[in-house]
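> Please read through the structure below; I'll follow up with questions.
The values are calculated or read from the model by the stated rules, or taken from the named source; none is laboratory data. Remember, predicted model here, so these are calculated numbers, not experimental data. Heads up, the Cβs are rebuilt from the backbone with ideal geometry, glycines too, and the neighbour counts pull from every protein chain shown.
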Amino acid sequence: MNKSYLSLGSNMGDRLEMLKQAVRLLEKHHKVDVLKISSLYETEPIGFTEQEPFLNMVVYLQTDLSALELLEVCQAVESELDRKREIRWGPRTIDLDILLFNHDKLQTDRLTIPHPRMYERAFVLVPLLELDPTQDFIEPQREGIELWKTYYSVDSFLLEEDSGDPYDRSAEK
Ligand SMILES: Nc1ncnc2c1ncn2[C@@H]1O[C@H](COP(=O)(O)OP(=O)(O)OP(=O)(O)O)[C@@H](O)[C@H]1O
Ligand SMILES: Nc1nc2c(c(=O)[nH]1)N=C(CO)CN2
């Protein structure tokens, strides 16, 4: 059984609902078992700063899939949610990255593990550290990273009635 951590992020539309849909779609795969989720964090955009704040989280899963197969599942989840997004909200509502896969090191055209930019991204490290405090890296700066919501379990996250994202302005557009 392989153990993996994924980073999820959304900054358009109902970001909370996007994250839930992504985890639901991952869970729907018969070879993927999402066992733990971090809290959700509202984070200032890194890279292109001219975009809206993100909701970020990290999930821990176990899977019989290979790392490359897991990447394909992540990309299928992205395009499934992208399709809906394209109709309503325009580009980029969800991003799924593989952070770690067992203790594997991998470098191919399609997949690098550990994720090549994870150690410079507080929006990844803060939730990862919450799920696994034994991770061996320097404590990240928490500037621009705000705790947004904590769930007691994966189920309480997935089964929560649509509580709405107060930030969501997609209906106004
Ligand atoms: N660990 C990884 N997780 C996800 N994608 C990866 C990974 N390593 C390499 N990739 C490749 O990166 C490509 C671009 O991914 P994506 O569009 O999510 O980038 P991005 O989110 O804009 O930037 P970043 O990769 O910095 O988060 C993917 O098509 C995938 O093949
Ligand atoms: N805060 C934050 N910034 C980002 C994020 C993200 O998930 N959170 N994702 C990006 C593209 O991968 C670029 N910048």
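> Scanning for something modelled with pLDDT of 95 or more, within 13 Å of ligand 1 (Cβ to nearest atom) and closer than 26 Å to GLU120 by Cα, does the stretch 32-41 turn up at least one residue?
No.
> Considering the stretch 127-154 alone, what residues qualify as being more than 20 Å from LYS3 (Cβ to Cβ) and either of a type in the set (S, T, N, Q) or not in a strand (DSSP E or B) (or both)? Don't jump to the end; show me each part of the working.
The initial filter retains those residues of the stretch 127-154 that are more than 20 Å from LYS3 (Cβ to Cβ), namely 138-152.
Scanning the stretch 127-154 gives ILE138, GLU139, PRO140, GLN141, ARG142, GLU143, GLY144, THR150, TYR151, TYR152.
> Collect the residues in the stretch 120-136 that are under 28 Å from ASP64 (Cβ atoms) and either free of Cβ contacts under 8 Å to residues at least 24 places away in the same chain or within 12 Å of ligand 2 (Cβ to nearest atom) (or both), keeping them in residue-number order. Quick ask: steps written out before the conclusion?
Kept after step one, since they are under 28 Å from ASP64 (Cβ atoms), are these residues of the stretch 120-136: 124-125, 127-136.
Answer for the stretch 120-136, where residues must be under 28 Å from ASP64 (Cβ atoms) and either free of Cβ contacts under 8 Å to residues at least 24 places away in the same chain or within 12 Å of ligand 2 (Cβ to nearest atom) (or both): VAL124, LEU125, PRO127, LEU129, PRO133, THR134, GLN135, ASP136.
> If I filter the stretch 86-119 down to residues being more than 12 Å from ligand 2 (Cβ to nearest atom) and in a helix (DSSP H, G or I), which single residue comes out as modelled with the highest pLDDT?
For the stretch 86-119, the residue satisfying everything is TYR119.
> Of all residues in the stretch 42-74, count the ones that are at pLDDT below 95, surrounded by fewer than 18 Cβ atoms within 10 Å (Cβ to Cβ) and not acidic (Asp, Glu).
7
> Further question: Answer with yes or no whether GLN141 is of a type in the set (S, T, N, Q), within 11 Å of ligand 2 (Cβ to nearest atom), in contact (Cβ under 8 Å) with a residue 12 or more places away in the chain and at negative phi. Spell out how you get there, then give the answer.
Details: of a type in the set (S, T, N, Q): yes; within 11 Å of ligand 2 (Cβ to nearest atom): no; in contact (Cβ under 8 Å) with a residue 12 or more places away in the chain: yes; at negative phi: yes.
No, not satisfied.
> Can you give me the ranges of the strands (runs of 3 or more DSSP E) entirely in the stretch 12-84 with at least 1 residues that are under 20 Å from GLU160 (Cα atoms) and acidic (Asp, Glu)? Steps first, please.
On the way: elements: 32-37, 40-43, 54-63.
By residue number, 32-37, 40-43.
> Only one residue in GLN21, GLN51 is touching a residue at least 12 places away in the same chain (Cβ under 8 Å), out of contact with any helix residue (DSSP H, G or I) (no Cβ under 9 Å at 6 or more places or on another chain) and not small (Gly, Ala, Ser), so which one is that?
Details: GLN21 fails: out of contact with any helix residue (DSSP H, G or I) (no Cβ under 9 Å at 6 or more places or on another chain).
Step by step, each of GLN21, GLN51 is checked, and only GLN51 is touching a residue at least 12 places away in the same chain (Cβ under 8 Å), out of contact with any helix residue (DSSP H, G or I) (no Cβ under 9 Å at 6 or more places or on another chain) and not small (Gly, Ala, Ser).
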